[in-house]
Structure formats: C-alpha cells, structure tokens
1. In what sequence do His62, His408 fall when counting other Cβ within 10 Å, fewest first?
2. May I ask for the angle, rounded to the nearest 10°, between helix 579-591 and the longest principal axis of the chain, with both axes built from Cα atoms and the value confined to 0 to 90°?
3. Could you please tell me the mean projected area of the C-alpha convex hull for the stretch 339-492, averaged over all directions and given in square nanometres to one decimal?
4. Over 22 Å between Cα atoms, which of Lys344/Lys442; Lys521/Lys610; Lys535/Lys574 qualify?
5. What whole-number distance in Å separates the alpha-carbon centres of the stretch 564-613 and the stretch 297-354?
6. Amide H of Cys390: which non-local residues (sequence gap of 5 or more, or other chain) have their own amide H closer than 5 Å, using H built in the peptide plane?
7. Based on a Kirkwood Rh over C-alpha pairs, give the Stokes-Einstein translational diffusion coefficient of the stretch 505-553 at 4 °C and viscosity 1.567 mPa s in µm²/s.
8. If the viscosity is 1.002 mPa s and the temperature 20 °C, what Stokes-Einstein diffusion coefficient in µm²/s follows for the stretch 51-178 when Rh is the Kirkwood radius over Cα pairs?
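The numbers here are math on the coordinates, done by the rules we state, and not lab data. Quick caveat, the model's predicted, so the values are computed rather than measured. Here the Cβ positions follow ideal geometry from the backbone for every residue, glycine too, while neighbour counts run over all protein chains shown.
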Amino acid sequence: MSDCHDGGAASALAVAAAQAGNANHLVAIIGPPNAGKSTLFNRLTGLRQKVANFPGVTVEHHLGKATIPDTGREVTIVDLPGVYSLNPRSEDERVSRDVLTGDMPGLPKPDAVLLILDSTNLSRHLLLAAPVLSLGLPTLVVLNMVDDLRKRQGALDAAILASELGAPVAMISAAQGEGLEKVWQFMAGTTLTEQPIARRVELPVLQDIPSCHRWATGVGRRADYRAPEPPLWTRRLDRVLLHPVAGPVLFALIVALVFQAIFTWAQPAMDFVEGFIASSGAWLGQNIANPVLKSLLVDGLWNGVGAVVVFLPQILILFFFIGVLEDSGYLARAALIADRTMAKFGLQGKSFIPLLSAYACAVPAIMSARTIENQRDRTATILIAPFMTCSARLPVYALLIAAFIPAHKQILGSFLGAQAAALLGLYILGFLAALFTARILKSTVLKSTRSAFVLEMPPYRWPTMRSIGLRLLDRGTVFLKRAGTVILAVSLLLWLLASFPRKADGSAPEIGDSLAGTMGKTVEPVLAPLGLNWKIGIGLITSLAAREVIVGTLGTIYGLEGAAQEEGLQAALKKDLTPAGAAALLVFFAFALQCMSTLAVVKRETGGWKWPAIQFAYMSAMAYVCAWITYRIVLVWS
C-alpha cells in the first residue's frame, strides 16, 4: 500500500481550508475531462479570470479570483487540465502533478484542492481520487451532476463515501448552481459536520492499475453507489447519430446549417456595426482639423481596425454553435464519427480534439496535442493543425465571398445559399488538405503503429446560456483585443509607410508611390500569375503577423484612397480583383501559413526550427500552386 491520507482531523482540514480563503492562497480545481470542471470554475469566479500558459510549457490554465460569500475574502483558483491520472504520460498530466506538488515555477503549492468528479460516472472517475488524495493536501471531493444522477435513478451515500476517502464530499450541480454552498464553506473553512471523517484510509499502490481499479470499485460499492440508468434519449439519439450512414449525413447537414447561419443570422448585426463604424468615422473626421492627424486616425486606424471588427458577429455565431454542440455532448460523437475517416489517413481519434480546436485558433490546438502520447502522432497533428480554418481566416473569407457572390443566389433553395456553400467548401478544402498531408507524413517520415481510440461518451445535456454566454464573451474579448493590438499596430505602421516619402509640397504621396506601394509592387510580379495586384501584395505581407490583418490593411489602403468611404470595401475590391483573382486569393488563404504566432508555437513544441521551416515552405508552396490552378480554372469557366 502507498502512503495513507490522513482524513481524521476535520478541524485541521478546516484550518487549512480557511487559509485557502485568504487572497494570497491558492485553490486548485482538478478532475477528469467532461466532469464539469470549467463550469464550476466559471461559477466560482464569474468573469474575474484570465488564460495563460504555465511557465516553460504550452499547456493552458485559467486563473481566477473568487469572493467568498458573507466574508468578502478572496481566494485565487487555478483550473487545471482535465486528466484521468497524475502519471506523467502526457504534458497535461505532468503539469497537473507539478502544480499539486508545488513543483510548477511561478505558482505556489495549492493550499487546498477541489477534486471534481462526475457522479454519473463515478466508478471510472474515482481512479483520479487515489493519486490526488495521496498528496495529503486538504481536499474537497466534489460530485457533480447530481441532478442528472437523481433523474436517472442513480444513488450514492455521500457520508459513507467521505469516510471511505478520508475527505469531505459535496454533491452539486455546477450547471444549475445546486449545492455550491458546501464548496464555499470548504473554502471559507467551515467544517462539513454532516459528513464526519473518523479514520485513516489506505490508498492503492498508484503504479498498480488493476489495484486502483479494484480500490475504486470497492469504494463505490461500500458507498452504496448505484450507477444511473443510461438516459433514454441518449440511447435513442445515439442509434441515429452514431449510425454508420445516417451519422455522417446528419453531421454534414448540421455543419451546412452552421455556415448558412453565419451569413444569414449575422447580416443585420454586421450592417449595424458597419453603419456605426462609418458614421462614427465621419463624425471623427469632421471634428479633426489637422489633415495629417485626420488621415492617421480616420483613414489609417479607424478604417483598418473597423474593417475587421465588422466581422465580429459572424465569429460569435460560429462559436455559439460550437459551444452548443460541445456542451450538448454531440462533439464527442463527432469525434467518434471522424475517427473512422481519420484512421484511413494514419491519424487517431485523439487528434480530432486538437484539430477541432484549431477552428478557433491553431495555437491552442497545437498546445492541446500534448495529450497525444505517441510522439509521431503528436508531431503529425501539430503539422496539419494550421490547415484547419481558424477564426482569423473567417473575416478574409467573408469579405471576399460577400463581394463576389450575390447574397440572393441559392444552391439548395433557402436551406443553403451560395455564400454559405462557398464558405463551407473552403472549410472542407482545408480539412482535406490536412488529411492529405497527414497521409503523406504517416506513410513516410512519421510512420507509426495506430493506437486504440478510447473516448468517454457524455450523456446529451441542454447547454446553459450562462456557459454559452461566458464562452462568447471570452472569444469576443480575444478577437477585440487582437483588433486593438496587432491590427491597430499594423494599421499604424501601414499608414506611416503609406505617408512617406512626402511630396515636394509636404503632402502625402499617392499610395502607389509610397513606401508601402513600393513594397507591394516589389512582390507584384510573383503574385501577377494569380491575378493579384500590388495592393493585395501589401496585404499578404502584413498578414504574416495575423491572417485577418489583410482585411485591416485593405481597409487602410482603400481608406487612404478614399474608395472605402465612397463605395465600401467590397465594391472597391471588385474594381481591383477579377472573380478568378478572388477565387485564387481564397484558396491561397485556405492553405498558406500566414501566422507567425503559430510558427513560434510549433518551434517550441517540436524543439527546433526544422519542422516549422518545413511546414511554412510546404504550406506556402501548396498555397501558391493551388491558387494558380484555381485562377486558371476560373478564368476558363468565366
């Protein structure tokens, strides 16, 4: 047997918990995936939280401040990655272990732990209790989803479980806010007297997996745990959604609905934002007498940032649907459906989650690949993740599609418009490029044996508006921060480049004669075979900072020319681009690695510049060749 966890001194536990209630003390939340860890974290901290990377690694964590009711004291809470054990097989498990043992640089050892487990799946989730309790930290075992447990005729004696574990137990529903007073009491230092702890408990040898399974099963049995019945609707829905034929068809229909909504639902909000930006820019210009300052603020910064911000409604709608699908439990089924396809290309189902998160941003997707134990599978996932269409590409796609494809044109009647079909096609194109590249990698330099894919299927649940709202607020904040920092800085730099050299009379040059114009015309010969001019060349150069910067760049360029105010950015683009050139530019962005942040993270994850250099060269070459082919094909058809 391993070291025993002393749970007999309830008063000592209360004192330690009271210390955790001080502002300078730390409480860690840990639990398996899908246990409701992040939901509890959001409940406790509200919006007082931030996302960062642990020092020296690329694993994300959330830090938040929680104010304890009635006392007004603050406690810092860290939300650790979802793990099933503390054995350092993956980076997530190593980070969680290091934080709990006090070995993580930059973080003190936690004063207390909230161990959150899914009460509807207790037999499996109790496996994490043994290594956490063996650390000897004051721990509250939080059994989540008790409303679901009751609804499905499950049962548990929390007092017996507390005695078996040597730690207090709280039964809650984080989604509904039920039972949270016990969590607050623990952090405030109030003893949970209704769950007495009277003896030392012996934990299994942590390296002995069968012993841990027997221990978890025995604890559950002695605590009178009765597993809940499988939800009737979960069984009925899975018969359809996991059907080998109906499942993929329904998945395709759901995806098509999402992309149709991105254009149809977002249009009124986009019109409002666009009108506000135009009217506020005009008002700003009328109240600035100095022509140079007016050019900087209105033509340079306002048009540059505003051209990107207008696409915020579409991004929020995309993440609304992703949040609904994830919180409902459907995305876990989508991973299982995708596993059948990914297996044909040498990938495993564990790659699906990082690839799915790449639709938000490739950077956290590459970070989350650390959960893949096989090094070659992990490297392959990292190299193909940037092919997935991230949210930074969406403003570029939306701008060009709206400019060159009429909104009234339909493909499948009112269900799927031509604009939505084009956007969906670009997402599919990126996914196919990822699979094609994976097949090349896994059949050559990264060949390895395919490992089994084990996935825990959560029951279907109704998403909560609070959870969805916090997710949208987080994504919207990230987008606006990027618009207010990276895009603002690039717009300022571009305005400076477009304002020099000055004419003899001291006025600004024509943009084609400026430093920015010279830069664009230098690369124009390379882009001319794709039907792209020097203005697009400037945008492609600046978009190396971030893909969506090209929209801000074009807004600044056409703003300085006066075209953006007179005609709108879409109309100005149609004068400079042919449909063939627009199609080529879309395909180029579908494949090109226009993101320095992604390259930097790939370098950190792979331990050098070899793989990032290969990745950038390969994706750039594929982007150019496919854009050239697209340009020629559309020219012939048109």
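1. Result, fewest neighbours first: His408, His62.
2. Its long axis makes an angle of about 30 degrees.
3. The directionally averaged projection comes out at 12.5 nm².
4. Listed pairs above 22 Å: Lys521/Lys610.
5. Comparing the Cα centres of the stretch 564-613 and the stretch 297-354, I get a distance of 17 Å.
6. When sequence neighbours closer than 5 places are left aside, there are no close amide H contacts.
7. Translational diffusion coefficient: 115 µm²/s.
8. Translational D for this selection: 135 µm²/s.
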